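Quick notes on the structure that follows.
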Amino acid sequence: MIKIRKENNEVLYTEDEYININNDTIQWLKNLCSKNSSGKIRLCTHRSVSDNLHEMLIVHKKDYYVRPHKHINQIESMFVLEGEVDYIFFDNNGNIKNVLKMGDQRSGKIFYNRLDKQSYHMLIIKSDFLIFHEITSGPFDKNKTIFPKWAPIFFDKKFYAKKIKEFNTL
């Protein structure tokens, strides 16, 4: 097992000199995620929030709500290792611009996306777990993540259903 430093119940940092991830690591993360009331956990393979490059293995349970948001002057890429997700992109007014149906390589769906424009986006997890590798530019600054006023703070089925209906009528 890898050596870790626990930031909190949702954020872990690797402390090994050489970082190697295998199926046992993924299962361990899924088990930890299952125990978190938030429904999420991340294993950071970068050393600190001040690093210029952030790499993370992130696990979300199916019912975890990723609130629509955008990042200012940051690039973000996502590689799906396990599970399926709808990656939804919005314009500044909350209208859906695009939905990527993503899944792991075996799913036949898109498994990699790079977002280098400031665009509101959210994830809707379709499988019991979504496990993905995310890379983004650092250092981390919470003020560079913007949440729109048109998106609910907590998951709202009506909001989601309305947005999907809008997209299906495009």
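The values are calculated or read from the model by the stated rules, or taken from the named source; none is laboratory data. Treat the numbers as computed from the prediction; the structure is a model and nothing was measured. In this analysis, Cβ positions are derived from the backbone assuming ideal geometry, glycine residues included, and neighbour counts consider all displayed protein chains.
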In the range 31-73, which residues are basic (Lys, Arg), within 16 Å of Asp128 (Cβ to Cβ) and assigned to a loop (DSSP other than H, G, I, E, B)? Lys62
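Out of the residues in the range 88-104 meeting the condition of being assigned to a strand (DSSP E or B) and out of contact with any Lys or Arg (no Cβ under 8 Å at 6 or more places or on another chain), tell me which one is farthest from Lys163 (Cα to Cα). Spell out how you get there, then give the answer.
Here is the first cut: in the range 88-104, the residues assigned to a strand (DSSP E or B) are 88-90, 96-103.
Those left that are additionally out of contact with any Lys or Arg (no Cβ under 8 Å at 6 or more places or on another chain): 97-100.
Working: Lys97: 10, Asn98: 11, Val99: 10, Leu100: 14 Å.
Here the residue is Leu100.
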When Ile41 is run through (1) at pLDDT 95 or above; (2) exposed (fewer than 15 other Cβ atoms within 10 Å of the Cβ); (3) in contact with a helix residue (DSSP H, G or I) (Cβ under 9 Å, 6 or more places away or on another chain); (4) not aromatic (Phe, Trp, Tyr), the failure sits at (2)
Tally, over the range 149-170, of residues that are loosely packed, with under 15 Cβ neighbours inside 10 Å, assigned to a loop (DSSP other than H, G, I, E, B) and touching a residue at least 40 places away in the same chain (Cβ under 8 Å): 6
Under 8 Å by Cβ, and 6 or more places apart or on different chains, what pairs join a residue from the range 25-37 that is free of Cβ contacts under 8 Å to residues at least 40 places away in the same chain with one that is of a type outside the set (S, T, N, Q) and surrounded by fewer than 11 Cβ atoms within 10 Å (Cβ to Cβ)? Thr25/Met1; Trp28/Met1
Every residue in the range 118-148 that is in contact with a Lys or Arg (Cβ under 9 Å, 6 or more places away or on another chain) and either surrounded by fewer than 16 Cβ atoms within 10 Å (Cβ to Cβ) or part of a loop (DSSP other than H, G, I, E, B) (or both), please. Gln118, Ser119, Lys126, Ser127, Asp128, Glu134, Thr145, Ile146, Phe147, Pro148
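Residues are listed down the side, and each one gets a yes or a no for (1) among the hydrophobic types (A, V, I, L, M, F, W, C); (2) within 21 Å of Val11 (Cα to Cα); (3) crowded, with 17+ Cβ neighbours inside 10 Å:
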| site | (1), (2), (3) |
| --- | --- |
| Ser50 | no, yes, no |
| Glu55 | no, yes, yes |
| Lys62 | no, yes, no |
| His69 | no, yes, no |
| Phe89 | yes, no, yes |
| Asn93 | no, no, no |
| Lys97 | no, no, no |
| Gln105 | no, no, no |
In the range 71-83, how many are surrounded by fewer than 20 Cβ atoms within 10 Å (Cβ to Cβ) and within 15 Å of Gly103 (Cα to Cα)? 4
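Looking only at the range 105-117, how many residues end up being part of a loop (DSSP other than H, G, I, E, B) and under 17 Å from Thr145 (Cα atoms)? Step through it out loud before you land on a result.
Let us first name the residues in the range 105-117 that are part of a loop (DSSP other than H, G, I, E, B), namely 108-109, 111, 116-117.
Of the ones still in play, those that are also under 17 Å from Thr145 (Cα atoms) are 116-117.
The number of residues fulfilling the criteria is 2.
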